[in-house]
1. Among the candidates B:Tyr97, B:Tyr16, single out the residue that is of a type in the set (Phe, Trp, Tyr), open to solvent by less than 10 Å² (accessible area, probe 1.4 Å) and touching a strand residue (DSSP E or B) at 6+ places or on another chain (Cβ under 7 Å).
2. I'm told A:Ser433 meets every condition in (1) more than 7 Å from chain B (Cβ to nearest Cβ); (2) crowded, with 23+ Cβ neighbours inside 10 Å except one. Can you identify the failing condition by its number?
3. From the list A:Leu271, A:Leu256, which residue is under 28 Å from A:Asp402 (Cβ atoms), among the hydrophobic types (A, V, I, L, M, F, W, C) and surrounded by fewer than 23 Cβ atoms within 10 Å (Cβ to Cβ)?
4. Condition first: surrounded by 24 or more Cβ atoms within 10 Å (Cβ to Cβ), outside the structural domain of B:Phe243 (by TED's automatic domain parsing) and in contact with a Phe, Trp or Tyr (Cβ under 9 Å, 6 or more places away or on another chain). Can you find one or more residues in region B:117-125 that meet it?
5. Having 2 or more residues that are farther than 22 Å from B:Pro185 by Cβ and within 11 Å of another protein chain (Cβ to nearest Cβ) is the bar; report the strands (runs of 3 or more DSSP E) wholly within region B:25-125 that clear it.
6. Which residues, counting only those in region B:301-311, are in contact (Cβ under 8 Å) with a residue 40 or more places away in the chain and surrounded by fewer than 23 Cβ atoms within 10 Å (Cβ to Cβ)?
7. Just need a number here: residues in region A:316-348 that are free of Cβ contacts under 8 Å to residues at least 40 places away in the same chain and aliphatic (A, V, I, L, M).
8. Among the residues of region A:437-446, is any open to solvent by 10 Å² or more (accessible area, probe 1.4 Å), within 20 Å of A:Ser469 (Cα to Cα) and hydrophobic (A, V, I, L, M, F, W, C)?
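The values are calculated or read from the model by the stated rules, or taken from the named source; none is laboratory data. Everything numeric in this text was worked out from a predicted model, so none of it was measured. Note that we place each Cβ from the backbone using ideal geometry, even for glycine, and neighbour counts take in every protein chain shown. To get the accessible areas, we keep the full protein, side chains included, count just its heavy atoms, and leave off ligands, DNA and RNA. Shrake-Rupley method; radii C 1.70, N 1.55, O 1.52, S 1.80 Å.
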Number of protein chains: 2
Amino acid sequence: MKAGSLNKSEITISEYIFHRILQLGIKSVFGVPGDFNLRFLEHIYDVKELNWIGCCNELNAAYAADAYGKTSGKMGVLLTTYGVGELSALNGVAGAYTEFAPMLHLVGTSALKFKRDPRTLNLHHLAGHRHTWKKSDHYVYEKVAENFSVDSASLEDDPEEACEMVDRVILSVWRNSRPGYIFLPCDMAEMKVDVARLSIPIKLEYEFNTHADKANVYVEKILAMMYKSKNMSIIADEFIRKFRMEDEMHAMLKKLDGKVNLYSTMFSKGLVDEEDPRFVGTYFGKYESPVAKIIESSDLVLHLGKFDNEMNCGHFTFNLDQDKLVEFNPQYMQIGKEFDETVNMMQILPLLVEKLDGQKISPAVKYERPKKLYELDEAPREYSLTEVDLVKSLNKNIRPNDVLIVETCSFLFAVPDIKFRNAKVILQGYWASIGYALPATLGASLALSDFNLPGRVITIEGDGSAQMSLQELSSMLRYNIDATMLILNNSGYTIERAITGPYSSYNDINADWQWGDMLKCFGDLKQEKSETFKVQNPAELDKSLGSENYANGKFKLLELILPMFDVPEKLTNAVSSSS
Amino acid sequence: MKAGSLNKSEITISEYIFHRILQLGIKSVFGVPGDFNLRFLEHIYDVKELNWIGCCNELNAAYAADAYGKTSGKMGVLLTTYGVGELSALNGVAGAYTEFAPMLHLVGTSALKFKRDPRTLNLHHLAGHRHTWKKSDHYVYEKVAENFSVDSASLEDDPEEACEMVDRVILSVWRNSRPGYIFLPCDMAEMKVDVARLSIPIKLEYEFNTHADKANVYVEKILAMMYKSKNMSIIADEFIRKFRMEDEMHAMLKKLDGKVNLYSTMFSKGLVDEEDPRFVGTYFGKYESPVAKIIESSDLVLHLGKFDNEMNCGHFTFNLDQDKLVEFNPQYMQIGKEFDETVNMMQILPLLVEKLDGQKISPAVKYERPKKLYELDEAPREYSLTEVDLVKSLNKNIRPNDVLIVETCSFLFAVPDIKFRNAKVILQGYWASIGYALPATLGASLALSDFNLPGRVITIEGDGSAQMSLQELSSMLRYNIDATMLILNNSGYTIERAITGPYSSYNDINADWQWGDMLKCFGDLKQEKSETFKVQNPAELDKSLGSENYANGKFKLLELILPMFDVPEKLTNAVSSSS
């Protein structure tokens, strides 16, 4: 959309914001209407290519926007109302902040005239003051949000300043891959701004504070280490994806020409092709000890896009010699013991790729790829269907470009055992808020279609987790989502049973839910938009996941009947070693 | 429970907390388990009389706890897990803070050993630091919670101090009728404390900082005004209930012996019997102008338990002469133009009642009670069922002691038109977070049974609102709740359509939900625990609400088919006058 096509010299600030969003290629805005954002929201219709995705509640909308941002690489957009809406979404925003999901959170707030009114006017949605007779702080939520966002703009009545702030926040969100807020007072939604600004798109690029000379010194150091190495390993970690450095990484791998060993982490599964002959495995610390043993014997490890968190780093059991390690992070570089937060991987990696001479690299030792759980001989079957069967079936049926969303449920611990062939995993295992995966399915699916990306969305969801955000299944029908969701019906919080209180009633749920009827109940009486299957054994699972009829445009819900205490081996190990 | 019955000298701090809760008469603890609270939660089984009410998500649990506190007058107890859980609940906690609902929020946090560890350990559920290499603030959520709570205790490893803090927070919650937090690190859940403390129950009483002499000066002033008045009015407002002064108020009314005119507010409906001959009406400012005209002509108004907020005060259209007004507030007294925050109604009201000589009061003018909407002649029917019919049917069928929960939906504006005969209204019209009423039904119902209170719970819920918290219907089955819930099926956010965008798609919802099948879908296949009725006309409504079969112990869901734009007259008026 070009500003010229608007045929007017002024537009509302609301329309301005929506145009800026569309200019990024984004077409879906998630949220819930509320009386403080209605006038803002009215102007979404001024930007015809944008779609309002009305979610059932704000937390679900935040999860959907998070997954939209993670899948598209651009950002997810969330729109909520003052107080009640933005606080409901806060857990989802804090999750996006923690997990580096780019998210623009638009909030319609109380009117500027009330913010400036010295009287005590106890407006609805405005949190009460400690003293009943004093004026409440209209900015209390903005202060709370500072803890979970990289930038924010509280718009007032200066049109030019408002536009500048909007542009700045959008750029901050993109650069930091984390949430930023725009607060628009409800009486400012129609403020007129100059349309001409829109003719210059926001330039999405990283900014570096360090002179190239200094960066090049580091590049030379790293190259020297690489040229000296006889057994180099590369960990392709998730910040490569989150900070959009896949192309640079793949260019480097191409120059290295199969001479170094490759690893993924739990969060980055799919970033390197696991059928690559140099792929050794998923580094998950001591919980995947055959892999750990190999990588920890390297004489140099380049940890590209290091995402340091408990779940991604095998519960803090990564054990690499700091002298033989180079960490590429979006906020720092660490070369051996030398740490520098004034440079980062976005600056270093392209320079490194440019200067790298692949001829000078010595081939690393070749190892036999350690066998994974699913490749081992089968133990005698005690149950008709287990999570191991699910790993095996996914390995047969996941295709390149697929997006596999895995809930923070027991099955999360099976992710390292799944073989990814350029498919992508989306999970929230660091923030680890159960209930994420179901609405994330909505967001990821819309991101694929908005950005014309290939692949399908397949979601693994626990039954306890699904309870948290159930109603968003309704949106799958409303917005014609064709994803597949596997509900692990194992009668409660199985991941928690593994940790504490296996038989404690607090780990029970109402286990009588009729998953087979749920989508009918949400309105698809004739199953025109959805299909539901109960899956009780591996053959049924393969049949459903591998069906020819897969791409029929319908949402598929597979209910997997699993034993109450069936959990992946790695969860058992993690629990037994931490207690 | 007496400490002696424990037969041991030490118990865990977890058990201590649960005993303190039980000592208040509370028997239900609402929440969701999570790995940081599991060890805490294990000890709920040490206190056999306490029941764990596992909710589907934390926001719903917060709403349920809020309504439990509002209904019982003691407090609601909420238990969540670190970060993900407590933030999910935050909107509900902020609502309780804003609306003065007593709530004790227990949070299982990260381990004390990790809080004290100087290393950067990016634990799950711990919000990331702005800088990826720095240690996150383990107390970030505690700081956020300060905005929405009156007191908090972050327990550490000193047993005696921990017990003191627990007792202090519980007392603060009760005294301020607002949320307080107890944060228990997961590795402290088994810390041993002295059981002897439990033998002295926490003394629930208000504390006054002002000497009785000073208070008595005010009492004399008020009495002088009362004895002089020829046309006195009393507004019985909601803080009377929230600060447990009903008995004192009724004692005063008894002494006044029918000589003054009585009013309720929207939030306090039911606090005075609306069949009392002196009851004039619900003061709702200019939106109920016949009532406003009468009260505003009084020569003295005692505003007992004034709860000053937009919805309760007719959108700031209360228009009383400050010189002829005495405001009784839990945090201040205002007598004419004299304001003093060092005294409050809990101190003044009992003294006033004690000293009042009813003989000296002149009878106020008697007015004919203004007719209410539902008493007016019926207009020709355009639709088979409207919200006016609902008002009429409730008036026929609400009984004394009933608890009527009204969602922040279009029907909220009809509350002033409902006649209350010592029934109680529970709403959240100030904080106004839609989705409240459904889980509140769970909390209110359990409060009635835990405290052996008479009456039934009847809930009015909008369909757009019900979407927000739908899954908690499942808990009605799990915990055998026998409430009645009326779903207003009007295809979307009708209250918002009245404000902005009547035909805008963002005010639509997926309107195809099969309400009649919802409870079956949540597991009550044979309708052993629930009944569902579709209601399309006033006769069906009366039949359902007035059924002989009402008290059969089942949860009842009535789906009312209503026109999309049908709203109470007062909502139309409020919107047209504010735009």
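1. Details: B:Tyr97 fails: touching a strand residue (DSSP E or B) at 6+ places or on another chain (Cβ under 7 Å).
Checking each option against the conditions leaves just B:Tyr16.
2. Among (1) more than 7 Å from chain B (Cβ to nearest Cβ); (2) crowded, with 23+ Cβ neighbours inside 10 Å, A:Ser433 violates only (1).
3. Values: A:Leu271 fails: surrounded by fewer than 23 Cβ atoms within 10 Å (Cβ to Cβ).
Checking each option against the conditions leaves just A:Leu256.
4. So in region B:117-125, the residues surrounded by 24 or more Cβ atoms within 10 Å (Cβ to Cβ) come out as B:125.
Narrowing the set further to residues that are outside the structural domain of B:Phe243 (by TED's automatic domain parsing) leaves B:125.
Next, only the ones that are in contact with a Phe, Trp or Tyr (Cβ under 9 Å, 6 or more places away or on another chain) stay: B:125.
Yes.
5. Working: elements: B:28-31, B:51-54, B:76-81, B:103-109.
Strands (runs of 3 or more DSSP E) meeting the threshold: B:51-54.
6. Within region B:301-311, just B:Glu310 meets the criteria.
7. Here the count works out to 2.
8. Going residue by residue through region A:437-446, those that are open to solvent by 10 Å² or more (accessible area, probe 1.4 Å) are A:445-446.
Now restrict to residues that are within 20 Å of A:Ser469 (Cα to Cα): A:445-446.
Pick out the ones that are also hydrophobic (A, V, I, L, M, F, W, C) and you get A:446.
Yes, region A:437-446 has at least one match.
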